[in-house]
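Working notes, beginning with the structure itself.
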2 protein chains.
Amino acid sequence: MKQSESKSERRVATNMAACTCANLRKAARVITQRYEAALQPTGLKATQFTVLVTLAKCGDLPLTHLAEALVLDRTTLTRNLKPLIGQGLVTIGNERDQRVRRIKLTAKGSKAFKDALPRWEEVQLQVVAGLGHKRWSGFLDDLAATIAEARST
Amino acid sequence: MKQSESKSERRVATNMAACTCANLRKAARVITQRYEAALQPTGLKATQFTVLVTLAKCGDLPLTHLAEALVLDRTTLTRNLKPLIGQGLVTIGNERDQRVRRIKLTAKGSKAFKDALPRWEEVQLQVVAGLGHKRWSGFLDDLAATIAEARST
DNA sequence: TCAAATAACGTGCATATGCACGTACATGAA
DNA sequence: TTCATGTACGTGCATATGCACGTTATTTGA
C-alpha cells in the first residue's frame with residue numbers, strides 16, 4: 001500500500017496549474033458550451049435537460065429527493081425549475097404531507113425530452129469519440145470517484 | 001486504428017447517466033464546495049483565487065488575455081473582477097491603447113494570494129490523495145484533453 | 001486624410017449556484 | 001391535547017456564466 005507520496009509527486013500536485021477545482025470548472029464550462037450548442041434548437045439548457053432526464057428515469061420525485069439525485073443544492077433546484085414550469089415542461093403536485101412538493105414531468109416535458117434526445121446523443125458521441133471510448137470510460141469513472149470522495153469527506 | 005465503436009460501446013456512451021456534461025458539472029459543484037470550504041477563512045471564492053493565481057503567475061494582463069488564460073468568457077471575467085476590485089485585491093490600469101484595460105494584482109491582492117496558498121495546498125493534496133496520485137494525474141490529463149478537444153471542435 | 005473595418009470593452013438579460021435565515025407543516029412525547 | 005422538535009420548503013444575498021448588442025478607440029485601405 002502507498003503510505004505517502006514522493007517529493008516529486010507532491011511537487012506536481014501542488015503546482016497551481018494543476019488545481020483540480022479550476023480545471024474541473026474549466027472543463028465544465030467548455031463542455032457545457034458544446035452541449036448547449038447542440039441542444040440550442042430545442043430551447044433547453046444543459047441543466048434543464050438533465051432535470052428532464054432524471055424525471056424521465058426516476059418518475060415523479062419530491063423536490064428534495066430530486067435535488068439529491070442531481071447532487072444539487074435544494075434551493076438551487078427550486079430556481080432551476082422555474083423556467084421549466086414556465087414553459088409547462090414540469091409541474092408541481094401536492095402530497096398528503098402538505099410540505100412536500102412533488103415534481104412531475106408533463107406530457108409536453110416528456111416530448112421535449114424525447115425531441116432533445118437525439119441531439120444529446122450526437123454531441124455525447126462526438127465527445128466520447130474525441131477522447132476515445134476507452135479513455136472516456138476511465139474519465140467518467142474518475143469523475144464518479146471524485147464526486148463520491150468529495151461528498152464523503 | 002479504431003475506425004468505429006462497437007455496439008456495446010455505443011450503448012454505454014449513450015446511457016444518459018453517463019452524460020459527460022452532467023457528470024462534469026456535478027463534479028465541479030462538489031469539488032468547488034470542498035475548495036471553498038478550505039478557502040473560507042480567507043474570504044476568497046474558488047474562482048477569485050484562480051484569478052489571483054493566474055495574475056501572480058503571468059503578471060499584469062489585458063482583460064481579454066486574462067480571460068483567454070482562464071478559458072472564461074470575457075464578459076464573465078469583467079463581472080468576476082468586481083468583488084476583487086472592491087476589496088482592493090486587483091486594479092485596472094491604462095495603456096497607450098485606450099481600449100485596453102490591464103488587470104493588475106495589488107500588494108494586498110498578492111498578500112491575499114499568499115495567505116490562501118497553504119489552504120489551497122491542503123485541500124488539493126487531500127483531493128489528490130483521495131483518488132491516489134497516479135489516478136489523479138491521469139484524471140487531470142483527461143480534463144486537459146477534454147478542454148482541448150471541446151475548444152478545437 | 002477619412003471612411004470602413006476591426007478590436008477591446010461594457011451592459012442587459014437569462015440562467016446557475018449555494019449559504020443563511022425564516023416559515024409552514026408534521027410528529028411524538030408529556 | 002399541546003408543545004417541542006424535526007422536516008420540507010422558499011427567499012434574500014452574493015457570485016458565476018455566457019450570449020446578443022452597443023460603444024469607443026485603433027487600424028487600414030482607398
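The values are calculated or read from the model by the stated rules, or taken from the named source; none is laboratory data. It should be emphasised that the depicted structure is a prediction, and the values quoted were computed from it without experimental measurement. Note: ideal-geometry Cβ built from the backbone for every residue, glycine included; neighbour counts use all protein chains shown. Remember, those area values only see protein heavy atoms, side chains included, never the ligands or the DNA or RNA. Shrake-Rupley method; radii C 1.70, N 1.55, O 1.52, S 1.80 Å.
Among chain B residues, the beta-carbon with the smallest distance to the axis carrying B onto A is reported, with distance in whole Å, as B:A28, 2.
Is the shape of the range A:64-153 rounded, prolate or oblate, going by the alpha carbon gyration tensor and its root eigenvalues a ≥ b ≥ c, with a/c under 1.5 for rounded and a/b larger than b/c for prolate? Judged from the Cα gyration tensor, the range A:64-153 comes out oblate (a/c at least 1.5, b/c at or above a/b).
Charge dipole (Cα centre; +1 on Lys/Arg Cβ, -1 on Asp/Glu Cβ; no other charges) of the protein assembly as shown amounts to roughly 520 debye.
Computed with a 1.4 Å probe on the full set of protein chains, the accessible area for A:S152 sits at about 90 Å². Chains A and B together bury some 5800 Å² of accessible area, summed over both sides, with a 1.4 Å probe. Take the alpha carbon gyration tensor of the range B:54-105, find the square roots of its eigenvalues, order them as a ≥ b ≥ c, and report rounded if a/c is under 1.5; if not, report prolate when a/b exceeds b/c, else oblate. Rounded.
Judged by the gyration tensor of its Cα atoms, with axes a ≥ b ≥ c, the protein assembly as shown is prolate; a/c meets the 1.5 cut and a/b is the larger of a/b and b/c. Calculated accessible area for the range B:29-152 comes out at 52 Å² per residue, all protein chains present (probe 1.4 Å; ligands, DNA, RNA ignored).
Helix-only arithmetic for chain B: the sum of -39500 (n - 2.57) across DSSP H runs with n ≥ 4, divided by the residue total, places the mean residue ellipticity at 222 nm at -22500 deg cm²/dmol. Give the angle, between 0 and 90 degrees and rounded to the nearest 10, that separates the Cα long axis of helix B:20-39 from the longest principal axis of the Cα atoms of chain B. Tilt of helix B:20-39: around 40 degrees.
Comment: the Cα-to-Cβ extended label point of B:G138, at 7 Å, lies 0.3 nm from its counterparts in the other copies, nearest first.
Taking only Cα atoms, what is the 0 to 90° angle, nearest 10, from helix B:107-131's long axis to the longest principal axis of chain B? In chain B, helix B:107-131 runs at an angle near 20 degrees to the longest axis. Inter-chain neighbour count for A:125-136: the average number of beta-carbon atoms from partner chains within 10 Å of each residue's beta-carbon is 6. In nanometers and ordered shortest first, the copy-to-copy spacing of the A:E95 label point, defined 7 Å from Cα toward Cβ, is 5.7. Share of carbon and sulfur in the accessible area of the range B:29-152 stands at 49%, probe radius 1.4 Å. The angle between the Cα long axis of helix B:74-86 and the longest principal axis of the Cα atoms of chain B comes to about 50 degrees, rounded to the nearest 10. Computed with every protein chain present, the accessible area of B:H65 is close to 100 Å² [probe 1.4 Å].
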